[in-house]
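Scroll down for the structure; my scribbles are underneath it.
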Amino acid sequence: MDLLERDRDLQALATALGEAAASRGRIALVAGEAGIGKTTFVEHFLAAHGRDARVLKGNCDALFTPTPLGPLYDIARQAGGKLAVGIEGSAPRAALFSALLEQLQGGARPTILVIEDMHWADEATIDLAKFLGRRVAEARVLFVATYREDEVGPHHRLRTLLGDLAGSRSTTRIALSRLTIDAVRALVAQRPFDPLLLHRQTAGNPFFVTEVLSSAGHGIPATVRDAVLARAAKLGPAGRTVLAAAAVIGGRIDPGFLAAVAGDTQEGLGDCLSVGIIEAAGDCVAFRHELAREAVLAEIEPGRRRELNRRALDALKAAGGGRGDLAQLVQYAEGAGDASAVLELAVAAAKAAVAVGAHREAEAQYARALRHSADLPPAERAALFEAHADELAIIDDLERATEERRAAVALWRGLDDRLKEGENLAALAWPLVRSGRNAEAEEVSRSAIEVLRALPPSRQLADAYRVRAHLRMLDRDRPMAVRWGRKAIALATRLRDEATVAAAEMAVGSAILVTGDDRGRAYLDRSIARASRLGQDAMVGLALLNIGTSYGEQYRFPEAEQVLDQGIAYTSEHDLDHANHYMRAWLALVRVHQGRWSEASDLAAALVAQPSLAAISRIMVLVALGRLRARRGDPGAAAALDEALTLAAQTGTLQRLAPVRAARAELAWLEGDKARCVAEAKAVHALAIKHRHRWHAGEFAFWRRRSGERVAVPAWCAQPYRLQLKGDWRKAAEAWHRLGCPYEQARALAEGDAAAQTEALAIFDQLGAAPAAAALRQHMRGTGVRRIPRGPRATTRRNPFGLTVREMEILACLAAGLSNGRIGTRLHVSPKTVGHHVSAVLAKLGAASRGEAARLAREQGLLPQNREVGDAK
């Protein structure tokens, strides 16, 4: 049937291909519900443009646990070269990704790379798409990814990729819509169907419509399933046999493999093709749609389905299925009810998944193996629990990771294997501390050392010392962190355990550097060098993270900025998202203190929208947002800091609690609530003093003193706070200026004479610090100061979000749906400048997208407030 009502979408894809051909690589995300015609749409496009470009195409299969990098196997067979050799030879994931990128960057013609059904993608395939998305801009590539929008909820694994690609200028989104009544009327033509009734019954879903039009009866089936089964009812016995076998096999089906499962397929396959329920797909055959396969599969009697799965399992084994077939083999084994085969194959599939970084798939396969492991010897079961716990921790399912690790501990203890018991107790500390259960983590860490110390010196004991050092470093307990870290280094050096040496050096260096002592940097630099030699990319990223955030915590913002930028670049290049997110959160906070508030807003808005943000990253980005909103007087400061406190309170550590409590104390002060300000500042002040943290202790003393409390100030507190608390506002302002903190500088100047207060007012106004500026103006009027500078223009004050006239103009253009280029033409500024203004508008509104900003503008009545933007619509 004709492809109707897709001309505009096809043109958008053609435009993207034109950009790719000009070496401006593009990503096209094609979304729509099941049956909307995504595959048909893409095939129509390829038929029109395939001769002008090289086409590489892969499919994600609807398996319970997908094949890791399944689409890459399809692509490798088409591309050949290093990629095909690498994937057949079980090359490392990084090598496979690089080989594909090399393939895409070569050739005289542009490449159209298609990955279909990304909603079924495994974790490694999503990482591959992310890898390509970050590098495609400079290649002659159009990367097309299709997915079912209605199946990608807020916690779906694909949501992270969509968020990652959404901010890229290389991304084009194409949302395929349902058919209108006019399209349905055109499809019905002379057939004996009422178009209005058909459109109402099918809601314009193209697959449902075409299934109804191809069914045997004259009525309209109630569901897609009924429509598919009506078509299947046309088949004779041979056709039904082939159809059942094909439904069990799934995906793209090799005719030879189909014959091995179903027997003689010559007549039956021809019947299936003739009625249209199965169609040719290159050298293979496939169901017209996965919905059709699911409908057929559901009708197969259970005993018959087990037998067909058994045949499929035997046939694929006989064909010598490789790494790319393991997930399919496991599914057939489970469908056949063969527990021993499931156990053997699931473990092999899990290990293969780990090798390519598909940790969610590995977790699912280990879980499947454990369900069939009741008869295994205890040591083998314990090893399975260990492996499963590792994968659960990697994917941040920390509660289950803790349970599985405890199960391993119990089994090893029952076997009286003290070495393995101690090893697993030490490993148990990680999911606990990452869950905010620090006290439990400390307890199991002590138990691990107690168990392992009773044995001869071992790698496990060195690692347990290293874990203890890291836990103490996280709690900012420098003496104990250094003590345990040096014990780990000494023992690991004796045992030539380089990885533990590198990790322990990182813990020691971080514990020292975070107190402001530069001697810690040498440990961290050695850790980076050692980890680089070992190929431990994640450890290098973590060391850079610790250096950058240690500088940030000590208000050494230029150094923090330099290292964080380096770390963000490194972790982006190596796809280390967790470390990348944490560093970006810290960089947002650094920008807040530097007075670069628009940049802070951009960083924070992009990061807080990430669906799978780890708790520690979310705490820090919420602190940045809370500080920024409080200082600007924007709505949402309290909500951000309430959530941050909920997350931080679970940890009980100074590292997490102090930034949150300090931000909450500042918010309370700006809102005029001195009692709440004191309560927030007192909450962890004693802990900051206990650990001699000069910046946290100084800030808490500052807020308590400001609120009218008499509080002792230790001599070791940070100099700017100490000077300000002594009443030396001038030297305090100079100290803040040297640190590059304009807001804090203005806050100190505000305590000075009229000239200093006027200078402070100028800084507050320039920053957009409306609450502090308003309070200072009121104070100056109360003390009789004359000629107080006027604040921002009325057009800015009249809107509750603090938008300037220019930003209101930009908002009106966003509401009109204008692109950056068209906005720039209208307002006579460059697209880059427009981009900065758009970012500022989104941040002030707390909007995640241009569409959301436009919606808020209408809901809040912002557009009519400023008559100057009337002609921008």
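Numbers below:
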item	result
One residue from G81, G35, G106 being farther than 25 Å from G321 by Cα, modelled with pLDDT under 90, open to solvent by 10 Å² or more (accessible area, probe 1.4 Å) and of a type outside the set (A, V, I, L, M)	G106
Residue within region 281-299 that is under 40 Å from the mean Cα position of the chain (by Cα), β-branched (V, I, T) and open to solvent by less than 30 Å² (accessible area, probe 1.4 Å) present	yes
Filter result (in a helix (DSSP H, G or I) and aliphatic (A, V, I, L, M)) within region 22-62	V42, L46, A47, A48
Cross-chain or 6+ apart pairs with Cβ under 8 Å, region 752-772 first and at positive phi, then open to solvent by 50 Å² or more (accessible area, probe 1.4 Å) and part of a loop (DSSP other than H, G, I, E, B)	G768/P792
Residue match in region 741-757 (condition: within 45 Å of the chain's Cα centre (by Cα), open to solvent by 30 Å² or more (accessible area, probe 1.4 Å) and among the aliphatic types (A, V, I, L, M))	no
Pairs with Cβ under 6 Å, 6+ apart, first in region 116-137 and more than 19 Å from V55 (Cα to Cα), second crowded, with 20+ Cβ neighbours inside 10 Å and hydroxyl-bearing (S, T, Y)	H119/Y147
Members of region 545-562 that are open to solvent by less than 10 Å² (accessible area, probe 1.4 Å) and either within 18 Å of A529 (Cα to Cα) or within 21 Å of the chain's Cα centre (by Cα) (or both)	I547, G548
Residue tally, condition buried (at least 20 other Cβ atoms within 10 Å of the Cβ) and in contact with a helix residue (DSSP H, G or I) (Cβ under 8 Å, 6 or more places away or on another chain), over region 18-31	7
Residue list for region 38-51, restricted to those being touching a helix residue (DSSP H, G or I) at 6+ places or on another chain (Cβ under 8 Å) and open to solvent by 30 Å² or more (accessible area, probe 1.4 Å)	T40, H44, A48, H49
Count of residues meeting criterion [in a helix (DSSP H, G or I) and either under 18 Å from A638 (Cβ atoms) or open to solvent by less than 50 Å² (accessible area, probe 1.4 Å) (or both)] in region 607-626	13
Those residues of region 618-635 which are closer than 13 Å to R584 by Cα and either at pLDDT 95 or above or not charged (D, E, K, R) (or both), in sequence order	I619, M620, V621, L622, V623, A624, L625
Selected residue (only one of E43, E19 is among the acidic types (D, E) and under 23 Å from A281 (Cα atoms))	E43
Members of region 679-717 found to be within 24 Å of A481 (Cα to Cα), among the aromatic types (F, W, Y) and crowded, with 23+ Cβ neighbours inside 10 Å, listed by number	none
Sole residue being open to solvent by 20 Å² or more (accessible area, probe 1.4 Å), in contact (Cβ under 8 Å) with a residue 60 or more places away in the chain and not hydrophobic (A, V, I, L, M, F, W, C), chosen from R240, R310, R304	R304
Filter result (open to solvent by less than 10 Å² (accessible area, probe 1.4 Å) and either at positive phi or of a type in the set (A, V, I, L, M) (or both)) within region 127-151	L128, A129, L132, V136, A139, V141, L142, V144, A145
Members of region 346-359 that are farther than 18 Å from A382 by Cα and in a helix (DSSP H, G or I)	A349, A352, A353, V354, A355, H359
A319, sole failed condition from (1) open to solvent by less than 20 Å² (accessible area, probe 1.4 Å); (2) touching a residue at least 40 places away in the same chain (Cβ under 8 Å)	(1)
Residue within region 522-531 that is hydroxyl-bearing (S, T, Y) and modelled with pLDDT under 95 present	no
Among the candidates D271, D325, residue that is free of Cβ contacts under 8 Å to residues at least 40 places away in the same chain and either assigned to a helix (DSSP H, G or I) or open to solvent by less than 40 Å² (accessible area, probe 1.4 Å) (or both)	D271
Residue list for region 181-193, filter: surrounded by fewer than 17 Cβ atoms within 10 Å (Cβ to Cβ) and out of contact with any helix residue (DSSP H, G or I) (no Cβ under 8 Å at 6 or more places or on another chain)	D182, A186, A189, Q190, P192
Residue match in region 275-290 (condition: in a helix (DSSP H, G or I) and touching a strand residue (DSSP E or B) at 6+ places or on another chain (Cβ under 9 Å))	no
Tally of residues being under 31 Å from the mean Cα position of the chain (by Cα), surrounded by 15 or more Cβ atoms within 10 Å (Cβ to Cβ) and outside any helix (DSSP H, G or I) across region 817-852	4
Which listed residue is touching a residue at least 60 places away in the same chain (Cβ under 8 Å) and either closer than 23 Å to A448 by Cβ or among the small types (G, A, S) (or both), from A352, A401, A367, A407	A352
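To keep it simple, each residue is scored yes or no on (1) among the small types (G, A, S); (2) buried (at least 19 other Cβ atoms within 10 Å of the Cβ); (3) out of contact with any helix residue (DSSP H, G or I) (no Cβ under 7 Å at 6 or more places or on another chain).
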site: L343; (1), (2), (3): no, yes, no
site: I394; (1), (2), (3): no, no, no
site: E403; (1), (2), (3): no, no, yes
site: V409; (1), (2), (3): no, yes, no
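The values are calculated or read from the model by the stated rules, or taken from the named source; none is laboratory data. The shown structure was predicted, so the numbers you read here are calculated from the model rather than taken from an experiment. Cβ coordinates were reconstructed from backbone atoms using ideal geometry, including for glycine residues, and neighbour counts include every protein chain displayed. Side chains are part of the model used for accessible areas, which takes the heavy atoms of the whole protein and leaves out ligands, DNA and RNA. Shrake-Rupley method; radii C 1.70, N 1.55, O 1.52, S 1.80 Å.
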